[in-house]
1. Per residue, how much accessible area does region 7-96 show when a 1.4 Å probe rolls over the protein heavy atoms, in square angstrom?
2. Cross-link partners among aspartates and glutamates for Lys644, C-alpha distance below 15 Å, same-chain residues fewer than 8 apart left out?
3. What is the angle, in °, between the Cα long axis of helix 441-460 and the longest principal axis of the Cα atoms in the chain? Nearest 10 is fine, range 0 to 90.
4. Past 22 Å, Cα to Cα: identify those pairs from Lys297/Lys482; Lys148/Lys298; Lys62/Lys344; Lys62/Lys285; Lys212/Lys382; Lys148/Lys382, in the order given.
5. Quick one: what Rg and Dmax do you get for region 442-536 from the alpha carbons, in Å?
6. In Å, the Kirkwood hydrodynamic radius of region 1-129 over pairs of distinct alpha carbons?
7. Placing +1 on the Cβ of each Lys and Arg and -1 on the Cβ of each Asp and Glu in region 426-551, which of Leu475, Ala495, Ile448 has its Cα farthest towards the positive end of the resulting dipole?
8. Express the relative contact order of region 168-244 as a whole percentage, based on alpha carbon pairs under 8 Å and six or more residues apart in sequence.
Amino acid sequence: MIARLETTDVLVIGAGLAGERCAIEAAAAGHEAMILSLVPPRRSHSCAAQGGMQASLGNCVKAEGDGPIVHFLDTVRGSDWGADQEVASIFAEEAPVAVRELAHFGVPWSRVRGGRNHYFIKGEEVEIEEALENDGLIGQRDFGGTAKWRACYAAAGTGHAALYAVDSEVVRLGVTVRDRTEAVALIHDGSRCLGAVVRCLRTGRHFAVMAKATVIATGGYGRIYGQYTSNATINEGTGASIALDTGIVPLGNMEAVQFHPTTLSPSGILVTEGCRGDGGFLLDKNLHRFMVEAEPKKQELASRDVVSRHMVQCIRDGNGIDSPYGPHLWLDIRHLGEEHLRTKLLEVWDICRDFAGLNPAEKLVPVRPTQHYSMGGVRVNKDGEAYGLAGLFAVGEAACWDMHGFNRLGGNSLAETLVSGRLVGRRVAEHASGFALRTDTGHAFDAIAAAEQRATDWMSRSGGGPSIYEIRDALGEIMMGKVGIFRNGTELQDAVTGIQVLLNDCDNAVLRCKDPGVNPELAFALRLKGMLRLAMTVALGAEARTESRGAHFRSDFPLRNDQDWLNRTLVRWAEHDSAPSFAYEPTGLIDLPPGHRGYGSDERIEMTASIDSHNESVLREQTGHGRLESADPMGSRLRRGAWKSVAQ
Ligand SMILES: Cc1cc2nc3c(=O)[nH]c(=O)nc-3n(C[C@H](O)[C@H](O)[C@H](O)COP(=O)(O)OP(=O)(O)OC[C@H]3O[C@@H](n4cnc5c(N)ncnc54)[C@H](O)[C@@H]3O)c2cc1C
């Protein structure tokens, strides 16, 4: 087969909100941009986002006094102090711009209605008079872990509205989009990324796209949890996987995996946090609101990690509702009324009807926690540039930028995709302007040959080896059973052993269909080893982190340990190496000192080093781990001490 080679200025791998927003920035700066996607862009996972996008507009009564500094505080607390505080600060400042820009792109935001409004707050119906001069401003609802109502929303179809609007901009700017096209390897010379090897999912043909700048925007890796995830089937972590294969670019905090409290049981389809934000509550089998005792202050609106743990504990205590598919709890949104459900939570109404056959205005909704979001990903600096390889960037859920640390707040991901898409896109454009592509085709042809060999190897296997789908399903069971909401050393060790067995099985697995063209089995087989390797980095990272922080909860080490673990896990694993290597870097500059989150446990092991001495080491240590220099110096966008004026 004769390999093909193409060039572009900017190659964006992924057509979700993050990738498309990044491509818009590059195209608007005059660069030729190409976007790759497994599916037509509007079917990217971003389309499924429901409840809202956080930005401190302060447009309604319950949002009064909000601003970027309060948003920064909530985000760092939500992350359980795992976030890079400068990145959280940049994010909080730019989120309002991103929301207003979406309005300009055509997103039909739900709006404030001036005058008397009825809301449900902590189970009580209250009447609030919204100022008439705010009538028609972008509306905001309550979400978990936030001090103010901040989530801007378009009913419960926020991602759908946003992705269609952003994709229309992509079309308007004439960006080349190649859907049903998969990046299967990065092309690099050891210090610079030169593009990607790509496989056409229609023909099975490999070719290379060489670029001045390459952006990984491939979303999360939730599918390593098999059926126990709210994620789409395309969230297999391929972007993180091809970065890991280089052995140069580290992945950050892979063990930081979020579980969402309310997915429909048994299908696992998400029911947005907006339901609880709008006043819905959780009930056990006795129709008791257990969250009121568990978290008196925030109740159902503590952060997701905290609520998920209370739910699992409630079920373990025998208070779940038995079903043929396992125990669940109830989400009660009946009191919100049909009009509210069919307008502000329209998509939830549809999901309950279509996937559970129930009317949520009349019946309780069966829910349980499920894997939802990947805080870990390709480790990048504040410009979004990957550690170790110049010209490689990552944005959105695929990246570990790292504003979420060990727990992302609801609504902060959509906001991240747009904020980081704009910001990283600008850096990508600058990078592309300052670099002439010397098409050293040797690296590209070598990478194509290696990718073709992988496909040939799969197709030439015969005999009675295991099926790739059995391996996929077994992986999901291991991950949810042993690397789930509650973790402990023994189970994590079991998980590592089990994943190693599956890695060996993968080498002996045999395809049922040997067609080289449109062949979903082959396409999945080519991703499977990468998924297993990602799962191994999650399990090993979780085993090594002997503390509890955010979504990473160790029953055998239940305290957050700021003395020993105020750091970020970095993992590298070259394609042909037998095992990954782990390292740790300081989380970033500290401005808001570690403290209580305002929900969850207040017990922790305090850091004894001074914040000044911690901060003094950050630049040196991160640089030592491969961090590339950012355009502005580290710390230049941290508004030091600003939080003191608003902290409660
Ligand atoms: C059900 C659900 C509801 C949610 N609701 C909210 C919410 O209300 N608010 C909020 O803030 N967050 C929400 N989230 C999270 C949020 O939607 C996602 O984190 C975010 O949309 C991810 O966007 P992204 O652009 O990074 O990736 P995605 O939207 O996942 O896009 C990834 C893209 O990469 C492509 N791709 C993947 N691998 C390859 C490859 N190898 N080659 C080429 N292309 C590839 C895919 O085709 C796709 O186009 C929700 C998530 C779920 C699951």
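1. 22 Å²
2. Partners within reach: Asp66, Asp74, Asp591.
3. Around 80 degrees separate the two axes.
4. Exceeds cut-off: Lys297/Lys482; Lys62/Lys285; Lys148/Lys382.
5. Using the Cα atoms of region 442-536, the pair Rg, Dmax is 15.3, 48 Å.
6. Over region 1-129, the inverse of the mean reciprocal pair distance is 18.2 Å.
7. Result: Ile448.
8. 22 percent
The values are calculated or read from the model by the stated rules, or taken from the named source; none is laboratory data. Please read all numbers here as calculations on a predicted model, not as lab measurements. Note that we place each Cβ from the backbone using ideal geometry, even for glycine, and neighbour counts take in every protein chain shown. All accessible areas refer to the heavy atoms of the entire protein, side chains included, with ligands and DNA or RNA removed. Shrake-Rupley method; radii C 1.70, N 1.55, O 1.52, S 1.80 Å.
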